[in-house]
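Structure record follows, encoded as structure tokens.
The values are calculated or read from the model by the stated rules, or taken from the named source; none is laboratory data. All of these numbers come straight from a predicted model, not from anything done at the bench. Reconstructed Cβ throughout: ideal geometry from the backbone, glycine too, with neighbour counts over all protein chains shown. Side chains are part of the model used for accessible areas, which takes the heavy atoms of the whole protein and leaves out ligands, DNA and RNA. Shrake-Rupley method; radii C 1.70, N 1.55, O 1.52, S 1.80 Å.
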Amino acid sequence: EKGDYPYFMLKEIAEQPQAVADTLAGSLVDGRVSLPGLGLSEQCIRELTSVVVIACGSSYHAGLIAQQAIERWTDLPVHVEVASEFRYREPKLRSTTLVVAVSQSGESMDTLMALRHAQQAGATVVSICNTRGSSMARESHGVLYTEAGTEIGVAATKTFLTQVAAGYLLALHLAGVRGGQTTDGLIEVAEALADIPRAARQLLATVPQLRALAASLADRDAVLFLGRQLGYPVAMEGALKLKELAYLHAEAFAAGELKHGPIALIEDGLPVVVVMPSASQQPLLHEKMMSNIQEVRARGAVTVVIAEQGDESVDACADAVVRMPTTHFMLAPLLASIPLQILTCELALARGCDVDQPRNLAKSVTVE
Ligand code: M6R
């Protein structure tokens, strides 16, 4: 079943361009998004007053990316919450609240209980789900299926990336029905989204570079990840993967928070992985991130920078640069996540860990 790959994780990382293409297929035609499976009438979408996303683990990170897309492209406020915390604070929900449960398995008990709570409170509930017929799919008003196929590795890779893609589809759909509220050209975004599988394929060629990098970092005790805006959930996902697979202490920070405490952690030889904003499309954020890299490097950090093609400004302050193709900056998480998955996989392998079956973890967590 693993074909030419020694591990399911490597195979599933390589399957991502196709999985994303399959998730987009049918829903995205000529720059227009239609999601009939969601079961939401145009009137219902127009009457929405807010969106709440509930999820756990990697799915939560996909939800944080969807939040930024929905808030940027529509007039709807979006709140994202770890599902295990959701119902205990008795959130205020109404029929015009769209609750989106994000779950690969559709069976995570924390998310399922949160979904049931939202249903009972009368909210409109949909799910982004990879498993047909799962509890969440059955108990939602509608479902947006990710088409990742079966994922054997415990770590979410292709299911995560397809959830991110589905989040963009949902955001574009809501924007299309409610009327775009953004300076982004949404047709242009949709076209860039359709081009992601091609760009993602190019990133698979980073394996040799990341394998060598992983070998040089395998003896470290901790790794920090920095991101800003959309790069922050990407950094969070990178850190989660590293904990889960390489049993390394890994933590992500919004780079602006560094000076509020975490910078005290920086010491000689500490690897810091930086998810760079687009130099051409987000010059202000880019400049701020450049300062952050210089700050940590001046204190001895080894900097690994994920940057878009053509961004040469990072060369001088990075110990290693991983290049990704340029895309619309809102979609960059679909690309930037891939080298982080590969780096994690290679680091875990270099440390002798089982990347398909990490210790203490189950693929689907069906207890609360
Ligand atoms: O099946 P779900 O998407 O609801 O699972 C949620 C998390 O348990 C899951 O994303 C977990 O964090 C991943 N295995 C991490 O790689």
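Conditions (1) within 13 Å of Ser59 (Cβ to Cβ); (2) among the aliphatic types (A, V, I, L, M); (3) in a helix (DSSP H, G or I); (4) without any contact (Cβ under 8 Å) to a residue 24 or more places away in the chain, marked per residue:
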site	(1), (2), (3), (4)
Leu76	no, yes, no, no
Glu81	yes, no, no, no
Glu85	no, no, yes, yes
Ser95	no, no, no, no
Val100	yes, yes, no, no
Glu107	yes, no, no, no
Met113	no, yes, yes, no
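Would it be correct to say that Ala55 is within 16 Å of the ligand (Cβ to nearest atom), open to solvent by less than 30 Å² (accessible area, probe 1.4 Å) and touching a Gly at 6+ places or on another chain (Cβ under 6 Å)?
yes
Name every residue in region 236-262 that is open to solvent by less than 10 Å² (accessible area, probe 1.4 Å) and without any contact (Cβ under 8 Å) to a residue 60 or more places away in the chain, in order of residue number.
The answer is Ala239, Ala250, Ala255, Leu258.
Return yes when Ala165 is open to solvent by 10 Å² or more (accessible area, probe 1.4 Å), touching a helix residue (DSSP H, G or I) at 6+ places or on another chain (Cβ under 6 Å), within 16 Å of the ligand (Cβ to nearest atom) and touching a residue at least 60 places away in the same chain (Cβ under 8 Å) and no when it is not.
no
In region 179-194, what residues are among the charged types (D, E, K, R) and open to solvent by 60 Å² or more (accessible area, probe 1.4 Å)? Even if it seems obvious, please write down each step before you answer.
We begin by selecting, within region 179-194, every residue among the charged types (D, E, K, R); these are 184, 188, 191.
Once the filter is applied, which keeps residues that are among the charged types (D, E, K, R) and open to solvent by 60 Å² or more (accessible area, probe 1.4 Å), region 179-194 yields Glu188, Glu191.
For region 1-37, which residues satisfy the criterion of being in a loop (DSSP other than H, G, I, E, B), hydroxyl-bearing (Ser, Thr, Tyr) and in contact (Cβ under 8 Å) with a residue 12 or more places away in the chain? Give the derivation first.
First pass over region 1-37, keeping only residues in a loop (DSSP other than H, G, I, E, B): 1-7, 15, 25-27, 30-31, 34-35.
Of the ones still in play, those that are also hydroxyl-bearing (Ser, Thr, Tyr) are 5, 7, 27, 34.
Scanning region 1-37 gives Tyr7, Ser27, Ser34.
Looking at Gly149, Gly122 in this structure, which one is closer than 15 Å to Ser50 by Cβ, assigned to a loop (DSSP other than H, G, I, E, B), away from the ligand (no atom under 13 Å from the Cβ) and at pLDDT 95 or above? Break it down into steps so the answer makes sense when it comes.
Values: Gly149 fails: closer than 15 Å to Ser50 by Cβ.
Of Gly149, Gly122, the one residue that is closer than 15 Å to Ser50 by Cβ, assigned to a loop (DSSP other than H, G, I, E, B), away from the ligand (no atom under 13 Å from the Cβ) and at pLDDT 95 or above is Gly122.
Among the residues of region 217-229, is there at least one that is open to solvent by less than 50 Å² (accessible area, probe 1.4 Å) and assigned to a helix (DSSP H, G or I)? First the steps, then the outcome.
Within region 217-229, the first condition is being open to solvent by less than 50 Å² (accessible area, probe 1.4 Å), and the residues that meet it are 217-218, 222-228.
From what's left, assigned to a helix (DSSP H, G or I): 217.
Looking through region 217-229, at least one residue is open to solvent by less than 50 Å² (accessible area, probe 1.4 Å) and assigned to a helix (DSSP H, G or I).
Mind listing just one residue for me: the one in region 323-368 that is small (Gly, Ala, Ser) and open to solvent by 10 Å² or more (accessible area, probe 1.4 Å) and, of those, nearest to the ligand (Cβ to nearest atom)?
Restricting attention to region 323-368, the residues satisfying the condition of being small (Gly, Ala, Ser) are 332, 336-337, 348, 350, 352, 362, 364.
So of that shortlist, the ones also open to solvent by 10 Å² or more (accessible area, probe 1.4 Å) come out as 332, 350, 352, 362, 364.
Numbers: Ala332: 20, Ala350: 19, Gly352: 19, Ala362: 8, Ser364: 5 Å.
My answer is Ser364.
All but one of (1) under 22 Å from Ala215 (Cα atoms); (2) in a loop (DSSP other than H, G, I, E, B); (3) away from the ligand (no atom under 16 Å from the Cβ) hold for Val305, so report the exception by its number.
Result: Val305 passes all but (2).
Being within 11 Å of the ligand (Cβ to nearest atom) and in a helix (DSSP H, G or I) is the filter; apply it to region 125-145 and report the residue that is least open to solvent (accessible area, probe 1.4 Å). Let's see the steps before the verdict.
Kept after step one, since they are within 11 Å of the ligand (Cβ to nearest atom), are these residues of region 125-145: 127-131, 134-136.
Subsequent filtering for residues that are in a helix (DSSP H, G or I) retains 135-136.
Numbers: Ser135: 16, Met136: 0 Å².
So the residue we want is Met136.
With respect to Val82, is the statement that it is hydrophobic (A, V, I, L, M, F, W, C), surrounded by fewer than 21 Cβ atoms within 10 Å (Cβ to Cβ) and either within 20 Å of the chain's Cα centre (by Cα) or within 19 Å of His141 (Cβ to Cβ) (or both) true?
Values: hydrophobic (A, V, I, L, M, F, W, C): yes; surrounded by fewer than 21 Cβ atoms within 10 Å (Cβ to Cβ): yes; either within 20 Å of the chain's Cα centre (by Cα) or within 19 Å of His141 (Cβ to Cβ) (or both): yes.
It is true that Val82 is hydrophobic (A, V, I, L, M, F, W, C), surrounded by fewer than 21 Cβ atoms within 10 Å (Cβ to Cβ) and either within 20 Å of the chain's Cα centre (by Cα) or within 19 Å of His141 (Cβ to Cβ) (or both).
Here is a check on your reading of the model: is Ala320 among the small types (Gly, Ala, Ser) and out of contact with any Ser or Thr (no Cβ under 9 Å at 6 or more places or on another chain)?
Working: among the small types (Gly, Ala, Ser): yes; out of contact with any Ser or Thr (no Cβ under 9 Å at 6 or more places or on another chain): no.
No; evaluated as a whole, the condition is false for this residue.
Taking the condition in contact with a His (Cβ under 9 Å, 6 or more places away or on another chain), in a loop (DSSP other than H, G, I, E, B) and not charged (D, E, K, R), does Gln357 pass?
Details: in contact with a His (Cβ under 9 Å, 6 or more places away or on another chain): no; in a loop (DSSP other than H, G, I, E, B): yes; not charged (D, E, K, R): yes.
So Gln357 does not fit the description; no.
Is it true that Leu213 is touching a Phe, Trp or Tyr at 6+ places or on another chain (Cβ under 8 Å), on the phi < 0 side of the Ramachandran plot and open to solvent by 10 Å² or more (accessible area, probe 1.4 Å)? Give the steps one after another, and end with the answer.
On the way: touching a Phe, Trp or Tyr at 6+ places or on another chain (Cβ under 8 Å): no; on the phi < 0 side of the Ramachandran plot: yes; open to solvent by 10 Å² or more (accessible area, probe 1.4 Å): yes.
For Leu213, the condition - touching a Phe, Trp or Tyr at 6+ places or on another chain (Cβ under 8 Å), on the phi < 0 side of the Ramachandran plot and open to solvent by 10 Å² or more (accessible area, probe 1.4 Å) - is not met.
Does Glu308 qualify as being within 20 Å of Phe160 (Cβ to Cβ), among the charged types (D, E, K, R) and within 20 Å of the chain's Cα centre (by Cα)? Write out each step before concluding.
Numbers: within 20 Å of Phe160 (Cβ to Cβ): no; among the charged types (D, E, K, R): yes; within 20 Å of the chain's Cα centre (by Cα): yes.
So Glu308 fails the test.
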